[in-house]
Structures are given as structure tokens and as C-alpha cells.
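Engineer: I'd like to ask you about the structure that follows.
The values are calculated or read from the model by the stated rules, or taken from the named source; none is laboratory data. These numbers come from a predicted model, not from an experiment. In this analysis, Cβ positions are derived from the backbone assuming ideal geometry, glycine residues included, and neighbour counts consider all displayed protein chains.
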Amino acid sequence: MKRFLMVIALVAGSIAGCSLFGHDEGARGSLGYIVFDSYTQDTTFGFELDGIYVDEDGLVWRYHGDEPWFPEELRLGMVSESDLLKKTEGAKRVGSVNPQVLGEMIELIEPASKGEVVREMQSFERSGSVDVAYLFDRGTKRYQQVVLKGTGTWSARNTTPEARRLLARLEEIKRVVGFE
């Protein structure tokens with residue numbers, strides 16, 4: 001009987017773990033699945049997309065794609081939930097963020113969203129990187145992109161001190177999980 005109860009407890013724990021790491025509609029909070037995203041895209045010899053994201057629970061996931069990712073819905077500064085999930089499909093967990101640090105980072109998103117993003121034309125590049133935070137709208141299931149920094153054909157930087165602080169934290173997270 002004791003062995004039977006242990007097996008049931010293990011199965012129940014496994015099921016709970018699966019729903020925790022899966023994209024279960026009921027499990028998502030008000031932040032959406034993805035809170036921070038950092039990725040590079042290279043089209044020099046085909047297509048390659050490599051990135052990490054931090055979910056609302058502070059879990060860090062790494063994703064990779066070799067097929068072009070084009071959002072179905074093109075709206076400046078917005079991305080639909082389904083498009084974002086398609087981009088990060090097949091991600092593997094590579095780390096986590098301290099809950100207190102994550103809370104501090106989340107508090108900086110709203111003020112960073114009010115900042116000016118300065119864009120400058122660079123030379124023609126076939127690769128680039130983007131660091132963003134997201135504000136999720138549950139009603140429309142869309143994420144507002146809060147650009148922190150971007151490089152490539154255009155460079156972009158958010159001028160707020162909150163964006164600089166978020167970018168410093170993201171850089172630290174990238175170093176820790178080996179995504180540089």
C-alpha cells in the first residue's frame with residue numbers, strides 16, 4: 001500500500017510539473033507567458049533564430065529556429081500571443097531568475113514602456129539582435145513590445161533609466177545561462 005501511494009504521489013507530481021512548464025491557458029497569470037525576450041536573427045547563409053526568454057514564473061528558456069519566423073499579424077510594436085509562442089516553440093529550460101529580482105524587473109517594464117526609442121541607420125546587416133520586455137493584454141492576447149536595445153541594419157535603444165537597468169539584468173541572465 002505504501003508503494004502504491006508513493007507511485008500515485010510521483011504521477012501526480014509529474015502531471016503538476018507538466019502543467020507548470022507547459023502553456024496551459026488556465027495557469028497563466030496577468031503577465032502572459034513571456035515577460036522578457038532576447039534573440040538574434042541571422043540571414044547571412046539562410047535563416048537562424050536563437051534566443052532566450054524569461055516567463056512569468058522566472059524560468060529561463062532557450063529556443064532556436066532555422067525556419068523564417070514571420071508573425072501572422074503585423075502591428076507596429078505589438079505581437080500576438082500565438083505568434084510569440086510559435087517563435088519560441090520547442091524551447092528548453094536553461095535556468096531561473098530569483099523571484100525578488102524578477103519582481104524588481106517586472107516593476108521596471110511599465111516605466112520603460114513610456115521611454116523614447118532612438119533608432120539610427122547602420123550599415124546593411126544580415127543579422128541583428130533584440131532585447132525586449134513585454135506588456136501583456138489579456139483581452140486581446142497581444143503583447144506590447146518594449147524595446148530595450150536592438151542592433152542590425154538599424155540600432156535602437158530605449159532612453160529611460162528603467163530600460164538601462166532592465167538591459168543590465170538581461171545581460172546578466174544571458175551570461176549566467178551561456179547566451180552571449
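Engineer: Are any residues in region 92-139 free of Cβ contacts under 8 Å to residues at least 12 places away in the same chain and in contact with an Asp or Glu (Cβ under 9 Å, 6 or more places away or on another chain), and if so, which ones?
Structural biologist: Passing the criteria: only 107.
Engineer: Here is a follow-up. Select from region 40-49 the residues that are touching a Lys or Arg at 6+ places or on another chain (Cβ under 8 Å) and in contact (Cβ under 8 Å) with a residue 60 or more places away in the chain and write down the one among them that is farthest from residue 83 (Cα to Cα).
Structural biologist: In this case the residue turns out to be 44.
Engineer: Give me a count of the residues in region 122-180 that are surrounded by fewer than 18 Cβ atoms within 10 Å (Cβ to Cβ), of a type in the set (Ser, Thr, Tyr) and touching a Phe, Trp or Tyr at 6+ places or on another chain (Cβ under 8 Å).
Structural biologist: 2
Engineer: Another question about this same structure. Given the criteria among the β-branched types (Val, Ile, Thr), at pLDDT 95 or above and not in a loop (DSSP other than H, G, I, E, B), does residue 101 qualify?
Structural biologist: Criteria met by residue 101.
Engineer: Could I ask something else about it? Within region 85-93, is there a residue that is outside any helix (DSSP H, G or I), touching a strand residue (DSSP E or B) at 6+ places or on another chain (Cβ under 9 Å), closer than 23 Å to residue 165 by Cβ and modelled with pLDDT of 90 or more?
Structural biologist: no
Engineer: Could you list all residues from region 110-164 that are in a strand (DSSP E or B) and among the aliphatic types (A, V, I, L, M)?
Structural biologist: Across region 110-164, the qualifying residues are 117, 118, 121, 130, 132, 133, 135, 146, 147, 148, 156.
Engineer: Looking at residue 133 and the list (1) aliphatic (A, V, I, L, M); (2) more than 22 Å from residue 80 (Cβ to Cβ); (3) at pLDDT 90 or above, which single condition is not satisfied?
Structural biologist: The one condition residue 133 does not meet is (2).
Engineer: Test residue 106 against the stated conditions and say whether it is modelled with pLDDT of 80 or more, of a type in the set (Val, Ile, Thr), over 14 Å from residue 167 (Cα atoms) and out of contact with any Pro (no Cβ under 7 Å at 6 or more places or on another chain).
Structural biologist: Against the criterion (modelled with pLDDT of 80 or more, of a type in the set (Val, Ile, Thr), over 14 Å from residue 167 (Cα atoms) and out of contact with any Pro (no Cβ under 7 Å at 6 or more places or on another chain)), residue 106 does not qualify.
Engineer: Just to be sure before I move on: is residue 86 surrounded by 13 or more Cβ atoms within 10 Å (Cβ to Cβ), over 14 Å from residue 36 (Cα atoms), without any contact (Cβ under 8 Å) to a residue 40 or more places away in the chain and out of contact with any Asp or Glu (no Cβ under 7 Å at 6 or more places or on another chain) in the structure I sent?
Structural biologist: yes
Engineer: Across region 28-84, which residue is farthest from residue 146 (Cα to Cα) among those that are part of a strand (DSSP E or B) and touching a His at 6+ places or on another chain (Cβ under 9 Å)?
Structural biologist: 48
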